Amino acid sequence: MAVSGCLAIWTFRHLGKNITDTVVTRKEHSLVTTGPYRWVRHPFYVAAGTGFIAVSLMTANWFVAITGGLVLILLIIRTRKEEENLLQRFGDEYRNYMKQTRRFVPRINR
């Protein structure tokens with residue numbers, strides 16, 4: 001759970017003013033590729049997934065695990081819309097970033 005919390009804080013610090021509660025990108029947004037974004041395109045969702053796994057293990061409760069799994073599936077679906085918006089906003093810059101960085105799991109051979 002501590003790893004999840006630290007990753008979430010690291011993510012928010014690098015997002016800065018780019019934080020939104022929706023999948024909308026604004027004109028003043030910039031493409032963030034530093035910090036945890038150097039390793040994965042959606043580090044906050046990795047933090048959420050790690051947190052759900054931690055809570056499921058700590059509570060040893062299948063309901064919590066299944067609920068967390070369903071939330072993660074919804075977040076994965078949400079990333080598709082986010083990436084469509086980011087491609088529209090940043091174009092080739094985001095396309096190149098996608099080629100260099102995986103969605104959720106970092107590349108080992110960097």
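Sort 71-77, 34-40 for me by packing, meaning the mean count of neighbouring Cβ atoms within 10 Å per residue, highest on top.
Highest to lowest by the protection proxy: 34-40, 71-77.
Given 0.36 nm per residue, what is the gain on full extension from ASN109 to SER30 after removing their alpha carbon distance, in nm?
25.7 nm
Of THR50, HIS29, GLY69, whose Cα points farthest to the positive end of the dipole of region 7-79 (charges on the beta-carbon: +1 Lys, Arg; -1 Asp, Glu; origin at the Cα centre)?
Going by the Cα projections, it comes out as HIS29.
Which FRET efficiency value, to the nearest 0.05, do you get for ARG13 and VAL64 by plugging their Cβ-Cβ distance into 1/(1 + (r/R0)^6) with R0 = 25 Å? Working shown, then result.
Details: r = 28 Å, r/R0 = 1.13.
In this case the efficiency is close to 0.30.
Can you tell me what the convex hull of the Cα atoms of the chain projects to on average, as an area in nm²?
7.2
Is any helix in the chain, taking whole DSSP H runs, at least 15 angstrom long along its axis by alpha carbon and on average at least 1.0 on the Kyte-Doolittle scale, and which ones?
The qualifying helices are 2-15, 43-59.
If you rank MET58, MET98 by fewest surrounding Cβ atoms within 10 Å, what's the result?
So the ranking, lowest neighbour count to highest, is MET58, MET98.
Evaluate the charge dipole of region 2-100 about its Cα centre and quote only its size in Debye, nearest 20, assuming +1 on the Cβ of each Lys and Arg and -1 on the Cβ of each Asp and Glu.
Working: 12 positive and 7 negative charges, 33 e Å.
Computed about the Cα centre, the dipole is about 160 debye.
None of the figures in this text is laboratory data; all of them are computed from the coordinates on show. Computed from a predicted model, the values in this text were never measured in an experiment. As a convention, Cβ positions derive from the backbone with ideal geometry for all residues, glycine included, and neighbour counts pool all protein chains shown.
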